[in-house]
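The values are calculated or read from the model by the stated rules, or taken from the named source; none is laboratory data. Bear in mind the structure is a predicted one, so any value in this text is a computation, not a measurement. For the accessible areas, the whole protein counts, side chains as well, though only heavy atoms, and no ligand, DNA or RNA atoms are used. Shrake-Rupley method; radii C 1.70, N 1.55, O 1.52, S 1.80 Å.
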Amino acid sequence: MSFLWFLLIGLAAGFIAGQIMRGSGFGILGNLVVGVVGAMLGGILFGLLGLSAYGLLGQLVTATVGAVVLLWIVSLVRKN
């Protein structure tokens, strides 16, 4: 069941990050990939900064921040 929650949070985080960075989502599969990778990246970043987030909302915030950072990095790589 926790894997399902992980996927749902990743899907929501990918959608939110797509709205923030690009103005539109990436489709269901794209949102899921961006959100899941962003969740892992957000967990690493929060850990390095000594931050921790608890509960569903905290996980969503962590995943969204990671997904936004991921999309920002991808946009920098695409420009070069």
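Entry note, the chain: the mean residue ellipticity at 222 nm calculated from DSSP H runs of n ≥ 4, each adding -39500 (n - 2.57), is -30000 deg cm²/dmol after division by the residues and rounding to the nearest 500. Note on the chain: with neighbouring protein chains present and a 1.4 Å probe, carbon and sulfur make up 75 percent of its accessible heavy-atom surface.
Taken over the C-alpha atoms, the chain has Rg and Dmax values of 12.0, 41 angstrom. Taking θ as phi - 60° and the Karplus parameters 6.51, -1.76 and 1.60, the scalar couplings of region 57-64 work out to 5, x, 5, 5, 4, 4, 5, 5 Hz in sequence order, x denoting glycine and proline. Take every pair of alpha-carbon atoms less than 8 Å apart whose residues are at least six positions apart; their mean separation over the length of the chain yields a relative contact order of 34 percent. In sequence order, region 65-77 has phi-based couplings of 4, x, 5, 5, 4, 4, 5, 5, 5, 4, 5, 5, 5 Hz under the Karplus curve 6.51 cos²θ - 1.76 cosθ + 1.60, θ = phi - 60°, and Gly or Pro positions carry x.
Of all the options GLY58, GLY42, GLY18, the one that moves most in a Gaussian network model of the chain with Cα springs shorter than 10 angstrom is GLY58.
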